[in-house]
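Contents: one structure, followed by commentary.
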Amino acid sequence: MVALKQEKLLSTAEDVVKSALKKGAAEAEAYVVESCSTMVGIERGQIAKSSRVLDQGLGVRAVVNKTVGFSYTNMLDDKKALEEAVEKAVSAARASKPDKDWPGFPVKRSFPSVKGGFDKRIVELGSDDLVEIAGLVLDSAEATDKRVIPVEGGVSASYGYGAVANSNGVAGFDSGTVIDCGLATVGNDAGEVTPVCYELNTERSYDIDPEWVGREAARLAASSLKAKKVETKCMTVIFVQTALQELLGFTLINAVKADYVQRNQSALKGKIGERVASELVSVYDDGLLEGGLRTGKFDGEGVPHQRTPIIVKGVLRGFIYDNYTAEKEGKESTGNAARGGYWSTPSLEANNFHVVSGSKSNDALVGDVDEGLIVYLLQGAHSSNPASGDFSVVGAPAWKIEKGEVAYAVKGAMVSGNVFELLRNVSGLSDAERQVGALVSPWVRVENVKVIGK
Amino acid sequence: MKDVLSKVLDVASGKFGAEYVEARAQRLFRTMLTLKEGRVEAARQGTENGTALRVLVKGTWGFASVGSLDSKVLVEAVSDACKMAEAASSRLKTPIKLAETKSIEDKVTVKPRKDPLKVSIEDKIDTNMSLNRAIMSFDSHVKSCTIDYLDLTGTSYFMNSDGSYIEQGKLYVWARAVATAVEGDVLTFSREEIGSTLGYEVFDVQTPESVGKMVAERAVGQLKAKMPKGGTFPAVLTPNFVGVFVHEAFGHLAEADLTLSGSVLGDKLGKKVGSDVVTFYDDGTVKGAFGSYKYDDEGVPAQKTLLVKNGVVAGLMHNRETAQKFGAKPTGNARAEDFHVEPIIRMRNTFIEPRDHSLEEMFEGIKFGYYLKSFRGGQANLDGTFQVGVQEAYEIVNGEVGKPVRNASISGNTLETLLKVDAVGEDFELWPGRCGKGQTAFTCDGGAHTRVKEVLVGGSA
C-alpha cells in the first residue's frame, strides 16, 4: 500500500516539475500529499459523532527570472487540473516581482533514516475500534468524579503520505501515522463552573492510554473546584507542558526562527554565544526524535531533518533555518521549512522543540516551593508580543502551592512578564518529558514571576 | 450539482435510513500574497473542489469530507458516514434531534463593484506594496513589515433532506499588516486587519495609506510606552477594543454548544448578568461586513440575534441541534470554514449597541485608569474568565489621556464585569477579525466607546 503511494505521489511530483520547466520555469518544485483521518467524538457526555476526512493536494512553486509563483489544487486525479496548476504557478511568477536574493531551491542531500513514524495498526483501525477507544476515555472520566462534565474529545487516527521533488534532483517520499486521544472537561458543582481542563495522549504508534486521558482530564476538573482568588505578587510558577507549549509557541519559538532574527523581529538577534537562560536550560530542535510528532526524513522543501542545538546550558547556540534564510547567511538549512498544507508555501516552524529534562520528579519540583502556582493551560498566549517576548495571560486551570503542597485551585490569576526573563529564572526542570504539539519538555519551574490576582 | 447531490442524499436516506442528510459541495478559488518588507515571497493562487456530507443515523452524527464533486466518490463517502454513525450509535445516550426549519430554494450571487477575479495579480501586488510603503516609510524606527493578503471566491451548493437547495456565491477579501519597531533594546509589535464580503473596493475605503499609517504609528508609539501596573482599574474601551471584549467575555459563552457544555450562562436565560446599558447583538445581516452571509451552512437564514437586552440575557446563538434542545429557533449561526470541516456555532458580527454617553463624560471622574484603544487577540473560557490582549493603550490620569502602556492584557469574570459597565457611547464601528474554535471563522466585533468601572489589568510593573 505504502509502496503504491510512493510510486504515485513521487511520479506525480516529478512529472509536475518537468511540466513546469517545459512551460518556461527556470526552476520548479512540487509537493504532493494524501491523507485520511478518522475520528470518533465525545460531545457533552456521550459519544455522538464520527467522521472521516479524505484529503489530497498538490502545491507547485515555479521560478521565472528569480520571481516565485505558486499554485495549488486538490484535483490530483484530473490531468487538466494539474496542468492548470502548473500554468497558474508560472503565470503567477511572471506577474510578480523578482527577488534579487532568491537562492534557488535546495540541492539534493541524502535523507536520514527515521524510526517510529509509521504504525500499520493505526491504518487498520476501523470505526468499531475507535468507538471502543473513545468509550474507554468517556467511561473512565465518568467513573472518576460525578461533578465533571466530559465536554468534548474523542480519538482520531490519521495516516498520510507526502512527496517533494524539485528541479535540482531532490526527490523524497515519506509516510506517517498519528493517533490522538483527548478530552476537555469542566467541573460543575453547587453553581461553580471551573475553567476548561484538558488532557491528551498523542502518539505516532498505537501506544495510547485512553483510560489515563479520561481519568486525568476528570481529575483536573474536579480538583479545579472550590477555587479562590490569589493576591497580586511575584511568586514561583511551575508551567506544565500544556501551558508551556502555548507560551513558548508564540514567543521563544518565533524568536529562534532565522526569518524573525534577520528581519529585526527577535530579541535574540546578535546574541549567539551569549547566556540567554539559566544554565539548567538546554533546548534542541530535533526533527529526528524517535516517535516525535513532527519527526520525518525531510522538511517541506525536501531538506533532510536534523537535530539542531538552540540553547545549550543556558547559552544561545543557534537558530532554525529554511533554505532561503540559510543561504542569506551562507549557511545550510536546518530542515525547518514546514507547510501548513498543500495550499501553502513553506515557512519556518520548529520540528520537535525539545527542552531537555532535569533530574527531579514532578512532585519533588513542587516540594521545593514555599509559595507558588502550578499552571496547566493559558488564555491569551497568542496575544503575546512575539518580537519582544512580553506576555500577559490568564493561567487557568491553576493551583496554589503552599509549603511544598498543592493547596487549592486558583481562579482568574493572570501571569505577566517576559519569556527571556522567565528562561533566566528557571530554577528546576522535572525528569518527566512529554510532547504537546511541537514542544517536548518536562515541567519547568520559574522564580519571581508576576502573578496578578486582585 | 443539484442532481448529483440529490442522488447522494437518496442513498443516505433510502439505503441507510438516515433521519437527516445534508451535502455542501464547494468550488473555491483563492489568491494569496505575502510581502516581507515589500519582497513578494510568492504570489499564490489555487483551486479546490470538495464536498462535506453530514448524516444523522440512529440519532448520531456521521461526517465525511472528500476533495471531489464526483457522484460515485460522494456516494461512497456518504455511505461511509452512515456506517460510521451507526457504529458510534451503539454508545449514544440521548439521540440527537434537529429543530425544524423552513425548506428554502434560493440562488445567491455576489455583486462586487470590483470583482477580485477581475483584478490582476499585478494590481493586487501594487495595492499591498502601497500598504508596505506606507508602513516602512513612516518612521526610521519601523524595521519590519509583513503583509498577508487573501481573496476567496467560489460557490457553495447546499442540499438537505428537508427539501432545501441553496446555491450561494462566496466572496472574501482580507489583508493583514504586521509591523515591528525597534529602539535600543525595545521591540514593539503592531498589527491591523482589513476584511470585507463586498469586494476588492474595500481598499478604496480602508486605503493602504490610511491603514499603513495606523499600523506604523501604533508600533512607533509603543516605543515610548511602559508596562502597566498589575491590578484592578477602571477602563474606557474604544469600539475596536470593546468588540473583542464582548466577543470573549460574552459571545463564546452564548454559543449554545458551549452553554450546554456548562458555560456560566447555562442557567442565566432571562436573568440579569449585566448593567442596564448592556445590550449585545450578533448580527449576520450587516451588509458587506466580514462576518455576514445570507444563509448559514445548515441552510438557515442569518439574522440579527439579540443576546442581551439592558443587561438581561435574551437569547443564545443556535444551530439546529442546540435550538431543538432549548426549544428555540435556529439563529443562522452554523458555519464551517470550508468543506473539510463540519459546521459549528460561530459568531458573525458581534457588538454592543450604542447609547448616548459622550466621550468626555466617560473620562470624567477617572482618577487613574486605562484607555484601551486596540486589541491583540483574546480568549474566553467556560467559567466566565475572559482575556483580551492590548496593542495600544494609555493611562487615564484625572480624566485626561496620559502616557502609553504596552504588552498588557485585561481579564475578568463575565458575571462580575458586565455589571460594572456603566457608560456606553454614541458612536459605532465594526472591526474585522478571525475567530478560532478548531477552525477559522471570519467575523467582525465592535460597538461604541464603553466604560467599565473595574477590569483586572495584567501588567508586571
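Being at pLDDT 95 or above, surrounded by fewer than 16 Cβ atoms within 10 Å (Cβ to Cβ) and in a loop (DSSP other than H, G, I, E, B): is that true of A:LYS80 here?
no
If you take the residues in region A:115-131 that are at the interface with chain B (Cβ under 9 Å from one of its Cβ atoms) and without any contact (Cβ under 8 Å) to a residue 24 or more places away in the chain, which one is farthest from B:LEU92 (Cα to Cα)?
Once the filter is applied, the top-ranked residue is A:GLY126.
I'm checking my understanding of the structure. Among residues of region B:25-52 that are among the hydroxyl-bearing types (Ser, Thr, Tyr) and at the interface with chain A (Cβ under 9 Å from one of its Cβ atoms), which one is farthest from A:ASN65 (Cα to Cα)?
Here the answer is B:THR47.
Restricting the first residue to region A:381-405 and requiring it to be more than 7 Å from chain B (Cβ to nearest Cβ) and farther than 18 Å from A:LEU220 by Cβ, which pairs with a second residue that is of a type outside the set (S, T, N, Q) and in a loop (DSSP other than H, G, I, E, B) meet a Cβ separation below 6 Å and a spacing of at least six or different chains?
Matching pairs, first to second residue: A:GLY389/A:ALA267.
Select, from B:VAL11, B:VAL21, B:VAL55, the only residue that is away from chain A (no Cβ under 13 Å), more than 30 Å from B:ILE135 (Cα to Cα), touching a residue at least 12 places away in the same chain (Cβ under 8 Å) and assigned to a strand (DSSP E or B).
Details: B:VAL11 fails: assigned to a strand (DSSP E or B); B:VAL55 fails: away from chain A (no Cβ under 13 Å).
Going through B:VAL11, B:VAL21, B:VAL55 in turn, just one is away from chain A (no Cβ under 13 Å), more than 30 Å from B:ILE135 (Cα to Cα), touching a residue at least 12 places away in the same chain (Cβ under 8 Å) and assigned to a strand (DSSP E or B): B:VAL21.
Does A:PHE105 count as of a type in the set (Phe, Trp, Tyr) and away from every other protein chain (no Cβ under 11 Å)?
Details: of a type in the set (Phe, Trp, Tyr): yes; away from every other protein chain (no Cβ under 11 Å): yes.
Here the answer is yes, as A:PHE105 does meet what is asked.
Kindly establish whether A:VAL60 is within 10 Å of chain B (Cβ to nearest Cβ), touching a residue at least 40 places away in the same chain (Cβ under 8 Å), over 30 Å from B:GLY262 (Cβ atoms) and not small (Gly, Ala, Ser).
Considered against the rule, which asks whether it is within 10 Å of chain B (Cβ to nearest Cβ), touching a residue at least 40 places away in the same chain (Cβ under 8 Å), over 30 Å from B:GLY262 (Cβ atoms) and not small (Gly, Ala, Ser), A:VAL60 comes out as yes.
Search region A:188-217 for residues that are more than 14 Å from every other protein chain (Cβ to nearest Cβ) and pair each with any residue that is assigned to a loop (DSSP other than H, G, I, E, B) and hydrophobic (A, V, I, L, M, F, W, C) when their beta-carbon atoms are under 7 Å apart and the residues are at least 6 apart or on different chains.
Within 7 Å, the pairs are A:ASN201/A:ILE208; A:THR202/A:LEU293; A:ARG204/A:LEU293.
Looking only at region B:78-88, count how many residues are within 16 Å of B:SER13 (Cβ to Cβ) and without any contact (Cβ under 8 Å) to a residue 40 or more places away in the chain.
The qualifying residues number 1.
Quick check, is A:VAL90 β-branched (Val, Ile, Thr), surrounded by 18 or more Cβ atoms within 10 Å (Cβ to Cβ) and more than 8 Å from chain B (Cβ to nearest Cβ)?
So A:VAL90 passes the test.
Using the structure shown, decide if B:ALA43 is at pLDDT below 95 and either under 26 Å from the mean Cα position of the chain (by Cα) or buried (at least 19 other Cβ atoms within 10 Å of the Cβ) (or both).
Numbers: at pLDDT below 95: yes; either under 26 Å from the mean Cα position of the chain (by Cα) or buried (at least 19 other Cβ atoms within 10 Å of the Cβ) (or both): yes.
The answer is yes for B:ALA43.
For residues that are closer than 25 Å to B:PHE158 by Cα and within 7 Å of chain A (Cβ to nearest Cβ), scanning just region B:84-120, find the one that is surrounded by the fewest Cβ atoms within 10 Å (Cβ to Cβ).
Among them, the one singled out is B:ILE96.
Which of the residues that make up region A:335-360 are more than 13 Å from chain B (Cβ to nearest Cβ), more than 15 Å from the chain's Cα centre (by Cα) and assigned to a loop (DSSP other than H, G, I, E, B)? Can you show your working first?
Step one: of region A:335-360, the residues more than 13 Å from chain B (Cβ to nearest Cβ) are A:335-336, A:338, A:349-360.
Now drop any that are not more than 15 Å from the chain's Cα centre (by Cα), which leaves A:335, A:356-360.
Residues satisfying the conditions are A:GLY335, A:VAL356, A:SER357, A:GLY358, A:SER359.
Restricting to region B:426-461, what's the tally of residues that are of a type in the set (S, T, N, Q), touching a Pro at 6+ places or on another chain (Cβ under 8 Å) and either within 28 Å of B:GLU361 (Cα to Cα) or in a loop (DSSP other than H, G, I, E, B) (or both)?
Final tally of qualifying residues: 0.
Being away from chain A (no Cβ under 14 Å) and either hydrophobic (A, V, I, L, M, F, W, C) or surrounded by fewer than 17 Cβ atoms within 10 Å (Cβ to Cβ) (or both) is the filter here; which residues of region B:430-461 pass it?
Scanning region B:430-461 gives B:LEU430, B:TRP431, B:ALA441, B:PHE442, B:CYS444, B:ALA448, B:VAL452.
For region B:338-386: of the residues being under 28 Å from A:GLY395 (Cα atoms), among the polar types (S, T, N, Q) and more than 10 Å from chain A (Cβ to nearest Cβ), which is surrounded by the most Cβ atoms within 10 Å (Cβ to Cβ)?
That would be B:THR350.
For region A:407-425, give me the residue count where each residue is closer than 19 Å to A:LEU365 by Cα, more than 11 Å from every other protein chain (Cβ to nearest Cβ), among the aliphatic types (A, V, I, L, M) and in contact with a Ser or Thr (Cβ under 8 Å, 6 or more places away or on another chain).
1
Is at least one residue of region B:371-390 in a strand (DSSP E or B), more than 20 Å from A:GLY417 (Cβ to Cβ) and acidic (Asp, Glu)?
no
Among the polar types (S, T, N, Q) and within 13 Å of chain B (Cβ to nearest Cβ): which single residue out of A:SER167, A:SER140, A:SER156 fits that description?
One residue alone meets the criteria, A:SER156.
Being in contact with a Lys or Arg (Cβ under 9 Å, 6 or more places away or on another chain) and not in a strand (DSSP E or B) is the filter; apply it to region A:63-75 and report the residue that is nearest to the other protein chains (Cβ to nearest Cβ).
From region A:63-75, those in contact with a Lys or Arg (Cβ under 9 Å, 6 or more places away or on another chain) are A:64-73; that's our starting set.
Narrowing the set further to residues that are not in a strand (DSSP E or B) leaves A:65-66.
Details: A:ASN65: 13, A:LYS66: 11 Å.
Ranking the candidates gives A:LYS66 first.
So that you can scan it fast, the table gives a plain yes or no per residue for (1) touching a strand residue (DSSP E or B) at 6+ places or on another chain (Cβ under 7 Å); (2) closer than 30 Å to B:ALA181 by Cα; (3) of a type in the set (Asp, Glu):
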position: A:VAL237; (1), (2), (3): yes, no, no
position: A:ALA243; (1), (2), (3): yes, yes, no
position: A:TYR260; (1), (2), (3): no, yes, no
position: A:LYS269; (1), (2), (3): no, yes, no
position: A:PHE298; (1), (2), (3): yes, no, no
position: A:LYS313; (1), (2), (3): no, no, no
position: A:LEU316; (1), (2), (3): no, yes, no
position: A:TYR321; (1), (2), (3): no, yes, no
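Inside region B:367-401, can you point out the residues that are aliphatic (A, V, I, L, M) and over 12 Å from B:PHE241 (Cβ atoms)? Reasoning before the result, please.
Step one: filter region B:367-401 for residues aliphatic (A, V, I, L, M), giving B:372, B:380, B:382, B:388, B:390, B:393, B:396-397, B:401.
If the condition is that a residue be aliphatic (A, V, I, L, M) and over 12 Å from B:PHE241 (Cβ atoms), then B:ALA380, B:LEU382, B:ILE396, B:VAL397, B:VAL401 are the ones that fit.
The values are calculated or read from the model by the stated rules, or taken from the named source; none is laboratory data. Since we're looking at a predicted model, the values are computed, not measured. Ideal geometry is used to build each Cβ from the backbone, glycine not excepted, and the neighbour counts take in all protein chains shown.
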